[in-house]
């Protein structure tokens, strides 16, 4: 398989700000401390009591009323609250002032899978039990997926292109790749890009359990998410949000911004194979990887770290590892941060892109939590037990979703 690079010069987009609200905590420091420690955040979830799978990875100590004001928070689904919180962090981290920026030149691109699932489920129950007169009219500004980006724009006075992209668990790279195109085209000078998901509802969890996607390790939730381990049995569902502030590298240098890392390549593809199972040949994944490398003008030997999709499911982990070995080789230090924070569905790729940025910035690869005995079919170098300091000039992050949608980003040192 050959993909010819269309570029003759790489287009770097600077990551000047990060915002993270995840099961690892709120803020960059809390997240990096947790994921580099190799600890798991999975725990029993009171909202799931009585279900076959009664545990998840939730954002701890998140108080939307204190952050946004009680009235505003009440009008928003949790997925919107998380997105706004992460976006505010990212803008502050970038040293930008929303009162003075040219909002018309600021875009927002967010990824999501299931929208305001909690609000929809709650109002459906109200309609069933009490009738139409008791359904909240605010449902129509809580549950639609577009409102995630809409609320971020309203909160931060961002008047440029505004959209939500949905490619299931690949939505984060899709959002970041789309943002990169907006910057390259000149449509925007700044884009807030990332993902948000808050779909830990009883119906959603029951459906994922029924399809066999979730770990059923109810006796030890903290050990349930174990990517690449021989004893893995499914993923742990999670919630959270991540937002990256993206600017053209030249513009970031001109304003003397701190650049954590660059987004230098993006590739996407579709398996065209099955609604939920990965193509065992890995052909679609390979196309996305090669496209991202071509876009970044890097060779497989240049990629020394990969933040893998690594879901902790039997099929995904083997297929992904085989593609890594076939396309990139056995030299990259591979990790899956889903062992620590679970699978954030439509926000997973954005959170993992942020963690890859931090790995490049800190020249350290986080370990894969709960990896005790690597599956012998997985013949790649998976980092486990403790973080690995190493020189990282170029890294990649993989995200694959139901529907066979694939997204890959290349992250480079500034």
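Does region 228-243 include one or more residues that are assigned to a loop (DSSP other than H, G, I, E, B), buried (at least 20 other Cβ atoms within 10 Å of the Cβ) and in the same structural domain as residue 362 (by TED's automatic domain parsing)?
No: zero hits.
Which of the residues spanning region 38-49 are touching a residue at least 40 places away in the same chain (Cβ under 8 Å) and either more than 24 Å from residue 201 (Cβ to Cβ) or more than 19 Å from the chain's Cα centre (by Cα) (or both)?
38, 39, 43, 44, 45, 47, 48
Across region 126-139, what is the total count of residues that are outside any loop (DSSP other than H, G, I, E, B) and either loosely packed, with under 12 Cβ neighbours inside 10 Å or in contact with a strand residue (DSSP E or B) (Cβ under 6 Å, 6 or more places away or on another chain) (or both)?
7
Could you identify the single residue in 267, 212 that is under 20 Å from residue 347 (Cα atoms) and either free of Cβ contacts under 8 Å to residues at least 40 places away in the same chain or outside any loop (DSSP other than H, G, I, E, B) (or both)?
Checking each option against the conditions leaves just 267.
Among the residues of region 332-364, which ones are outside any helix (DSSP H, G or I) and more than 19 Å from residue 110 (Cβ to Cβ)?
332, 333, 334, 335, 336, 337, 342, 363, 364
Could you grab me the full set of residues in region 182-209 that are farther than 16 Å from residue 250 by Cα and part of a helix (DSSP H, G or I)?
Matches in region 182-209: 202, 203, 204, 205, 206, 207, 208, 209.
When you go through 25, 50, 17 one by one, which is the residue that is at pLDDT 95 or above and touching a strand residue (DSSP E or B) at 6+ places or on another chain (Cβ under 7 Å)?
Exactly one residue qualifies, and that residue is 17.
Within region 167-181, can you find the residues that are on the phi < 0 side of the Ramachandran plot, buried (at least 23 other Cβ atoms within 10 Å of the Cβ) and not in a strand (DSSP E or B)?
170, 171, 172, 173, 174, 175, 176, 177, 179, 180
Matching residues to (1) touching a helix residue (DSSP H, G or I) at 6+ places or on another chain (Cβ under 6 Å); (2) under 21 Å from residue 304 (Cβ atoms); (3) at pLDDT below 95; (4) crowded, with 22+ Cβ neighbours inside 10 Å:
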{"site": "326", "(1), (2), (3), (4)": "no, yes, no, no"}
{"site": "337", "(1), (2), (3), (4)": "yes, yes, no, yes"}
{"site": "345", "(1), (2), (3), (4)": "no, no, no, yes"}
{"site": "348", "(1), (2), (3), (4)": "no, no, no, yes"}
{"site": "372", "(1), (2), (3), (4)": "no, no, no, no"}
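Mind checking whether some residue in region 29-41 is surrounded by fewer than 15 Cβ atoms within 10 Å (Cβ to Cβ), within 30 Å of residue 296 (Cα to Cα) and modelled with pLDDT of 95 or more?
yes
Quick test of your reading of the structure: residue 285 fulfils all but one of (1) within 19 Å of residue 310 (Cβ to Cβ); (2) modelled with pLDDT of 95 or more; (3) surrounded by fewer than 21 Cβ atoms within 10 Å (Cβ to Cβ). Name the failing condition by number.
(3)
Spot the failing condition for residue 278; the list is (1) at pLDDT 95 or above; (2) within 21 Å of residue 352 (Cα to Cα), and only one is missed.
Looking at each condition in turn, residue 278 falls short on (1).
For region 28-47, name all the residues that are touching a strand residue (DSSP E or B) at 6+ places or on another chain (Cβ under 6 Å) and assigned to a loop (DSSP other than H, G, I, E, B).
Residues satisfying the conditions are 41, 42, 45.
Looking at 288, 294 in this structure, which one is assigned by TED's automatic domain parsing to the domain that holds residue 372, touching a strand residue (DSSP E or B) at 6+ places or on another chain (Cβ under 6 Å), closer than 28 Å to residue 191 by Cα and in contact (Cβ under 8 Å) with a residue 40 or more places away in the chain?
288
Let me confirm something: among 100, 52, which residue is without any contact (Cβ under 8 Å) to a residue 40 or more places away in the chain and either at positive phi or outside any helix (DSSP H, G or I) (or both)?
Criteria check complete, one pass: 100.
Looking at region 322-332, is at least one residue within 30 Å of residue 55 (Cα to Cα) and touching a residue at least 40 places away in the same chain (Cβ under 8 Å)?
no
The values are calculated or read from the model by the stated rules, or taken from the named source; none is laboratory data. These numbers come from a predicted model, not from an experiment. We place every Cβ from the backbone using ideal geometry, glycine too, and count neighbours over all the protein chains shown.
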